[in-house]
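Student: Have a look at this one.
The values are calculated or read from the model by the stated rules, or taken from the named source; none is laboratory data. On a predicted model such as this, the values are computed, not experimentally measured, just so you know. Cβ: placed from backbone, ideal geometry, glycine included. Neighbour counts: every protein chain shown.
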Amino acid sequence: MNQYPLWKQLLILSVLLLGVVYALPNLYGEDPALQISSPRGEAIDSFLRDKVIIALEGEKLPYKSIDMHPDSMVVRFSDTETQLKARDIVAAALGEDYVVAVNLAPSTPAWLRAIGGQPMNLGLDLRGGVHFLMQVDMEAVRKQAETRFVSDLKSQLREEKIRYRGVKTDKGTLVVSLRNAADREKAEALIRKYFPELQIGEGEGSEIRLTISREYLEEVRKFALQQNITTLRKRVNELGVAEPTIQQQGRDRIVVQLPGVQDTARAKDILGATATLEFHMVDTEHDIQDALDGKPIPGSRLYRDRQGQPVLLKKRIMLTGDHIIDASSGIDSQSGSPAVFITLDGKGAAKFARETRERVGQPMAVVFIEYKSATRIENGKVVRERRKVEEVINIATIREQLSKRFQITGLDSTEEARKLALLLRAGALAAPVEIIEERTVGPSLGQENIDRGVESVIVGFILVLLFMAVYYKVFGLFADVALFVNLVLIVALLSLLQATLTLPGIAGIVLTVGMAVDANVLIYERIREELRNGNSPHASIRAGYEKAFSTIADANITTLIAAIVLFGFGTGPIKGFAVTLSLGILTSMFTAIMGTRALVSLVYGGRRIKRLAI
């Protein structure tokens, strides 16, 4: 008899049930949607929802539903034409406080979402979207470092009262010209003490030639690349992209992939936008009402804060965000209130110390400046224009002379402090970037790739089913059932892990369909061999599964090792192939060995048999 243990049968049923449940979300598709969010932290509440509904109903634009989330709101539509019309209407109604982005939202039922059921993510080649390859100008990074050192050297030499003729750059080196040999010796001692990043070389007469160390340059380049990635990630959030890919490629390139983005021009505008920061003193001497009435105030200018309230600031810029090298949020040790801790470079520290020395006790403002590209409809034509957005993000009182490291307090919450630190750290690109490759995959081409991929899986699936059923008869049907369950489990795992399915990933599934029955072929041939040797049907079944296991494990483990190597050393598309292949190997071993064994036990295990249909 070939009775299968009850616990194994229950395990197989449980895995099958979970597989079906977590594969289900992929059957529901996606809805064209608007994602409404606020980069400024404005409330997403029922008042905003009513405002959107009034705007849509005023233009008689039907919508399917509105989903409220803590930091965004998703409005679903039946077709893309209505979605695109609604974007312009809603954007006009909400103004500049909210970002209205078009995307595709999964239409998974609420009960599935409640237990973590989500459709698998589709890559750029299947969903459509835009791919950018960006080159970071590392030469500009080196020049920026040289410029900083020139300024820092001048400041330090003046502070130490060492007289010099000049400090300049010359073909990748820094040249410090001193008045005499004595000054040169003092300057060399100063450089060794304060500038360990600079290497002293041979110079003529009283000149000192300096080169920036390779280690420091490499560190600066890595920092510039990572800061650019952080900045780009923040900007991509405005597009409402569900699964963006922003990653380093090589030493000086950044790959940005935005699946599902329908407005590629806006994506390019946002990624190429520039931003910076300025520190100004608050004008407390003049009446702000005079500025509101249009009366010119010498040396001062009217700004607005994030709530739209007017603020009168001095025109003179104390410091720009170019000098900020780090910013982090935390808690002020004295007051226990939220704070942002800022670190400046050498030049910024010296300048800020001079500016704040005589201004202790006075209020200072941080102004965030961004250049944005806006799109509007004028006389039926799309008009694109770049505009400068300036807003006061923080006003705080200077408690003491500020230098290289200082903190900003007076913030309402730790969340506001975290957002301000992000703005300070990632408000501007650390180095210029150039888009050297741009590739757009339209939704129709993505759908065509999906259709062809699904067709290839179906054709391969049917051919394998027919071969197994014809050649191995009833046992072939067992293998066919296991193969179908195998596909369900692969889809469920991809969805559960939120892995991204690409066209090479579909190729991995097609390969898995062919490989999945290999284990069954080995088992069935072993059973037939045992029958030819005169063993009973039940003994042949038991021997077939037991003796073929080591061969099956060896074949699948070696393939799994190859897939792991592909994942470790490959790029995006190759990794997609390796992921689906690895998951397919694991699920096929489970279904081919345990799944078919349970079916054989169910059909043949409880009765005496004289021959097997194999």
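Student: Any idea how many residues of region 103-136 are over 16 Å from residue 29 (Cα atoms), in contact with a helix residue (DSSP H, G or I) (Cβ under 9 Å, 6 or more places away or on another chain) and not charged (D, E, K, R)?
Tutor: Result for region 103-136: 9.
Student: Still on this model: Scanning region 12-67 for residues that are part of a helix (DSSP H, G or I) and of a type in the set (D, E, K, R), which turns out nearest to the chain's Cα centre (by Cα)?
Tutor: The residue in question is 49.
Student: Restricting to region 134-144, name every residue that is surrounded by fewer than 19 Cβ atoms within 10 Å (Cβ to Cβ) and either outside any helix (DSSP H, G or I) or touching a strand residue (DSSP E or B) at 6+ places or on another chain (Cβ under 6 Å) (or both).
Tutor: Answer for region 134-144, where residues must be surrounded by fewer than 19 Cβ atoms within 10 Å (Cβ to Cβ) and either outside any helix (DSSP H, G or I) or touching a strand residue (DSSP E or B) at 6+ places or on another chain (Cβ under 6 Å) (or both): 135, 137.
Student: Step by step: first the residues of region 306-352, then only those that are more than 30 Å from residue 293 (Cα to Cα) and of a type in the set (Ser, Thr, Tyr), then the one that is surrounded by the most Cβ atoms within 10 Å (Cβ to Cβ). Which residue is that?
Tutor: Looking at residues that are more than 30 Å from residue 293 (Cα to Cα) and of a type in the set (Ser, Thr, Tyr), I get 329.
Student: Would you check if there is a residue in region 284-291 being touching a strand residue (DSSP E or B) at 6+ places or on another chain (Cβ under 7 Å), assigned to a strand (DSSP E or B) and surrounded by fewer than 18 Cβ atoms within 10 Å (Cβ to Cβ)?
Tutor: For region 284-291, residues touching a strand residue (DSSP E or B) at 6+ places or on another chain (Cβ under 7 Å), assigned to a strand (DSSP E or B) and surrounded by fewer than 18 Cβ atoms within 10 Å (Cβ to Cβ): absent.
Student: Residues being over 19 Å from residue 366 (Cβ atoms) and either among the acidic types (Asp, Glu) or under 34 Å from the mean Cα position of the chain (by Cα) (or both): count how many of those fall in region 281-331.
Tutor: So the answer is 5.
Student: Also, quick follow-up: Would you please name the residue that is farthest from the chain's Cα centre (by Cα), looking only at residues in region 221-234 that are at pLDDT 80 or above and not polar (S, T, N, Q)?
Tutor: Only one residue fits best here, namely 221.
Student: Residue by residue through region 80-102, note down the ones that are without any contact (Cβ under 8 Å) to a residue 40 or more places away in the chain and in contact with a helix residue (DSSP H, G or I) (Cβ under 7 Å, 6 or more places away or on another chain).
Tutor: Selection gives 89 alone.
Student: Out of all the residues in region 41-50, which are surrounded by 14 or more Cβ atoms within 10 Å (Cβ to Cβ) and modelled with pLDDT of 85 or more?
Tutor: Within region 41-50, 48, 49 meet the criteria.
Student: Within region 373-407, take every residue that is aliphatic (A, V, I, L, M) and over 21 Å from residue 308 (Cα atoms) and give me the one that is modelled with the lowest pLDDT.
Tutor: Checking each candidate, the answer is 382.
Student: Could you look through region 235-258, keep only residues that are under 9 Å from the mean Cα position of the chain (by Cα) and part of a helix (DSSP H, G or I), and pick out the one that is modelled with the lowest pLDDT?
Tutor: 237
Student: I would also like to ask the following. Just wondering, is there one or more residues in region 512-525 that are of a type in the set (D, E, K, R) and buried (at least 18 other Cβ atoms within 10 Å of the Cβ)?
Tutor: Checking region 512-525: not a single residue is of a type in the set (D, E, K, R) and buried (at least 18 other Cβ atoms within 10 Å of the Cβ).
Student: I'm trying to understand the selection: among the residues of region 570-614, which are within 25 Å of residue 534 (Cα to Cα), surrounded by fewer than 22 Cβ atoms within 10 Å (Cβ to Cβ) and among the polar types (S, T, N, Q)?
Tutor: 601
Student: Return yes when residue 270 is at pLDDT below 85 and not in a helix (DSSP H, G or I) and no when it is not.
Tutor: no
Student: Output yes when any residue across region 584-598 is without any contact (Cβ under 8 Å) to a residue 60 or more places away in the chain, in a helix (DSSP H, G or I) and of a type in the set (Ser, Thr, Tyr), and no when none is.
Tutor: Checked region 584-598: no residue is without any contact (Cβ under 8 Å) to a residue 60 or more places away in the chain, in a helix (DSSP H, G or I) and of a type in the set (Ser, Thr, Tyr).
Student: Of all residues being of a type outside the set (A, V, I, L, M, F, W, C) and in a strand (DSSP E or B) in region 316-367, which is modelled with the lowest pLDDT? Just the residue, please.
Tutor: Of everything passing the filter in region 316-367, 326 is modelled with the lowest pLDDT.
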